[in-house]
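Below you'll find the structure, written out as structure tokens, and then a few comments.
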Amino acid sequence: MKRIFVNLISFLGLTAPLLAQKYVATDGDDANPGTIVQPFKTITKAISVAVPGDTIYVRGGTYLLTSTITITASKNGTASQLFTLTAFNDEIPILDFSGQSIGAKGISLRANYWHFRGLQIKGAGDNGMEINFGSNNIIERCTFFENRDSGLQLSNGSANNRIINCDSYFNADPPDYGDADGFAPKLTVGSGNYFYGCRAWGNCDDGWDGYMRGANDVTTTLENCWTWGNGYLKDGTDPGSQANGNGFKMGGGDNSNSDQLMHHFILRNCVAFNNKYKGFDQNNNVGSMTLLNCTGYNNKEANYRIQRALNPGQTLTVKNCVSFSGNVQLGSFAVQEANSWMSPFVVTAEDFLSLDPVLAAAPRQAGGSLPKIDFMHLSSGSDLIDAGVDLGMPFKGKAPDLGAFESDFVSAVTATEFIPAEFRLDQNYPNPFNPETVIKFKLPKASLATLKIFNLAGQEIATLAAGLRIAGEHEVKWQPHDLPSGIYFYKLQAGGFAETKKLMLQR
Ligand SMILES: [Ca+2]
Ligand SMILES: [Ca+2]
Ligand SMILES: [Ca+2]
Ligand SMILES: [Ca+2]
């Protein structure tokens with residue numbers, strides 16, 4: 001038994017090089033064979049001896065680098081044999097390019113079919129990473145921060161790359177601070193690039209930037225991506241108006257895009273908030289833009305601004321989207337459906353479980369997906385739940401919700417499937433109450449329903465529900481802030497039915 005075990009060990013040891021695994025470690029040596037026990041010191045060395053299908057494991061720790069890591073087309077993988085450059089297990093390799101002078105890029109990927117995973121890339125003199133003439137690559141769970149231009153840029157026809165669960169933050173380009181974006185599929189970028197589960201925050205220019213120069217008629221798709229707080233430096237100061245501060249900048253071109261360059265953008269379940277300028281921004285793009293189940297919150301200039309006429313045959317589609325605390329400025333050519341700024345919806349702070357974004361930058365879940373947080377998720381009783389149109393994407397309840405986060409709640413909390421025989425407004429409970437009370441009402445058929453609070457003088461204090469509600473029992477919670485003790489009235493109006501009841505707040 002012992003003998004078999006020993007043989008197994010030696011078998012594994014012997015075959016490790018044949019399995020084409022290379023190892024890099026901070027205490028390695030490029031004269032080593034590159035095994036796990038005798039690793040290389042540099043990624044460049046490992047790349048130089050790798051062939052398609054190989055995996056290069058980078059052990060945890062900080063690698064101080066001043067030279068650009070360039071991967072040329074002589075190292076193209078194939079669809080069935082990618083090169084893989086990955087963190088070893090859950091170790092965290094940090095490629096620190098802070099010693100570079102301005103203008104030097106960290107990683108220049110000029111090849112196809114590479115899979116990068118789990119690398120942290122910081123401090124480069126220019127882009128943390130540029131995919132340049134590189135297509136069909138996968139960049140997964142990588143982090144780009146404090147680089148001196150855009151964190152990850154895609155250039156020169158780079159196409160069909162997939163950027164999965166990556167973060168890009170605090171990138172800033174001194175001394176002008178006008179160009180550093182989180183993710184930059186811009187200028188000469190190719191078509192078919194796809195971002196999923198990525199976050200971009202605190203970049204001095206934009207979160208995502210699709211500005212065109214030297215390319216046209218390309219498509220970029222984003223799903224489940226968040227961007228916030230762009231237009232500022234890491235310390236929170238504003239370096240000036242050249243630092244644009246848009247969340248998703250969906251194109252544009254020189255001289256007010258006089259060449260009418262088109263960058264088609266598809267955004268699903270994306271969130272933009274707290275940006276210095278705009279959340280979802282056309283910026284003179286004249287290509288098609290499709291925004292589905294997106295959420296914009298508290299972007300200073302506008303949550304959504306897409307007003308300039310598009311090229312002939314191009315379309316702007318905006319459906320199931322949410323805006324709160326910010327402007328929506330869409331041209332009349334927009335094809336709109338079930339957006340929160342449209343009738344019959346009423347959006348208030350009470351529609352959301354939380355408006356506190358502090359956890360947006362929280363660590364990712366095991367596996368790399370975005371953290372589970374309450375921010376901008378719909379609260380029980382929101383009229384935005386199950387109020388969307390079916391866009392062919394998965395949903396819970398009877399219909400898709402509005403906004404980026406599908407709720408576990410069903411429409412207006414229909415706790416039971418029973419359909420009441422008649423309209424009914426229940427007495428609130430508890431009553432008297434402090435700080436919160438619950439009001440239930442029943443609808444025998446789908447109805448436009450409003451539930452409002454009035455004071456003794458008949459002045460309207462709050463709207464707890466407004467909009468189309470399905471048949472069934474509905475429940476709304478009310479937690480008044482800054483109201484004195486006393487008697488208030490709540491009034492339900494639905495489908496010709498109206499009833500008013502008294503409730504008492506006791507501080
Ligand atoms: Ca700029
Ligand atoms: Ca930019
Ligand atoms: Ca509402
Ligand atoms: Ca739903």
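The values are calculated or read from the model by the stated rules, or taken from the named source; none is laboratory data. What you see is a predicted model; the values in this text were computed from it and never measured. Counting neighbours? That spans all protein chains shown, and the Cβs are built from the backbone with ideal geometry, glycine included. These accessible areas exclude ligands, DNA and RNA; they are computed on the full protein's heavy atoms, side chains included. Shrake-Rupley method; radii C 1.70, N 1.55, O 1.52, S 1.80 Å.
Summary of computed values
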item	result
Condition met for Ser74 (of a type in the set (Ser, Thr, Tyr), surrounded by fewer than 19 Cβ atoms within 10 Å (Cβ to Cβ) and part of a loop (DSSP other than H, G, I, E, B))	no
Those residues of region 235-276 which are part of a strand (DSSP E or B), open to solvent by 10 Å² or more (accessible area, probe 1.4 Å) and either within 16 Å of ligand 1 (Cβ to nearest atom) or modelled with pLDDT under 95 (or both), in sequence order	Lys249
Conditions (1) assigned to a loop (DSSP other than H, G, I, E, B); (2) open to solvent by 20 Å² or more (accessible area, probe 1.4 Å); (3) more than 12 Å from ligand 3 (Cβ to nearest atom); number of the one not met by Gly388	(2)
Qualifying residues in region 54-71 (those that are in a loop (DSSP other than H, G, I, E, B) and polar (S, T, N, Q)) - the one least open to solvent (accessible area, probe 1.4 Å)	Thr68
Test: residue in region 406-415 that is farther than 30 Å from Cys225 by Cα and touching a strand residue (DSSP E or B) at 6+ places or on another chain (Cβ under 7 Å)	yes
Region 351-378 - residue that is open to solvent by less than 40 Å² (accessible area, probe 1.4 Å) and in a helix (DSSP H, G or I) and, of those, farthest from Gln120 (Cα to Cα)	Asp351
Among the residues listed as Ala446, Ala462, the single one being among the aliphatic types (A, V, I, L, M) and within 16 Å of ligand 4 (Cβ to nearest atom)	Ala446
Hits in region 216-234 (condition: over 24 Å from Leu355 (Cβ atoms) and surrounded by fewer than 21 Cβ atoms within 10 Å (Cβ to Cβ))	Asn216, Asp217, Thr219, Thr221, Leu233
All strands (runs of 3 or more DSSP E) inside region 310-350 with 1 or more residues being open to solvent by less than 30 Å² (accessible area, probe 1.4 Å), within 16 Å of ligand 3 (Cβ to nearest atom) and touching a strand residue (DSSP E or B) at 6+ places or on another chain (Cβ under 6 Å)	322-324
Any hit, region 201-221, residues being within 21 Å of Phe144 (Cα to Cα), of a type in the set (A, V, I, L, M) and out of contact with any helix residue (DSSP H, G or I) (no Cβ under 6 Å at 6 or more places or on another chain)	no
Region 478-507 residues that are among the hydroxyl-bearing types (Ser, Thr, Tyr), paired with ones that are not in a strand (DSSP E or B) (beta carbon under 7 Å, 6 or more apart)	Ser485/Gln506; Ser485/Arg507; Tyr488/Asn455; Tyr490/Asn428
Single residue of region 187-210 satisfying the filter (under 14 Å from His264 (Cβ atoms) and assigned to a loop (DSSP other than H, G, I, E, B)) that is nearest to ligand 2 (Cβ to nearest atom)	Gly210
Members of region 328-344 that are within 24 Å of the chain's Cα centre (by Cα) and of a type in the set (A, V, I, L, M, F, W, C)	Val328, Leu330, Ala334, Val335, Ala338, Trp341, Met342
Whichever residue in region 463-492 is among the aromatic types (Phe, Trp, Tyr) and more than 32 Å from the chain's Cα centre (by Cα) and, among such residues, is surrounded by the most Cβ atoms within 10 Å (Cβ to Cβ)	Tyr490
Selection status of Met212, over 27 Å from Gly118 (Cα atoms), modelled with pLDDT of 95 or more, under 21 Å from the mean Cα position of the chain (by Cα) and surrounded by 24 or more Cβ atoms within 10 Å (Cβ to Cβ)	no
Verdict on Gly381 being away from ligand 4 (no atom under 12 Å from the Cβ) and assigned to a loop (DSSP other than H, G, I, E, B)	yes
Filter pass, Ala404 being of a type in the set (Gly, Ala, Ser) and in contact with a Cys (Cβ under 7 Å, 6 or more places away or on another chain)	yes
Residues (out of contact with any Phe, Trp or Tyr (no Cβ under 8 Å at 6 or more places or on another chain) and in a loop (DSSP other than H, G, I, E, B)) located in region 136-159	Arg141, Arg148, Asp149, Ala159
Residue list for region 87-141, filter: surrounded by fewer than 21 Cβ atoms within 10 Å (Cβ to Cβ) and touching a helix residue (DSSP H, G or I) at 6+ places or on another chain (Cβ under 8 Å)	Arg110, Phe133
Tally of residues being among the aliphatic types (A, V, I, L, M) and buried (at least 24 other Cβ atoms within 10 Å of the Cβ) across region 289-305	2
Met342 vs. criteria out of contact with any Gly (no Cβ under 6 Å at 6 or more places or on another chain) and either within 16 Å of ligand 1 (Cβ to nearest atom) or closer than 14 Å to Lys319 by Cα (or both)	yes
Which numbered condition Ala20 fails, given (1) open to solvent by less than 40 Å² (accessible area, probe 1.4 Å); (2) under 25 Å from Glu130 (Cα atoms); (3) at pLDDT below 95	(2)
Unmet criterion (only one of (1) touching a strand residue (DSSP E or B) at 6+ places or on another chain (Cβ under 7 Å); (2) open to solvent by less than 10 Å² (accessible area, probe 1.4 Å)) for Val286	(1)
When residues of region 170-207 are limited to those that are of a type in the set (S, T, N, Q) and within 14 Å of ligand 1 (Cβ to nearest atom), the one surrounded by the fewest Cβ atoms within 10 Å (Cβ to Cβ)	Asn171
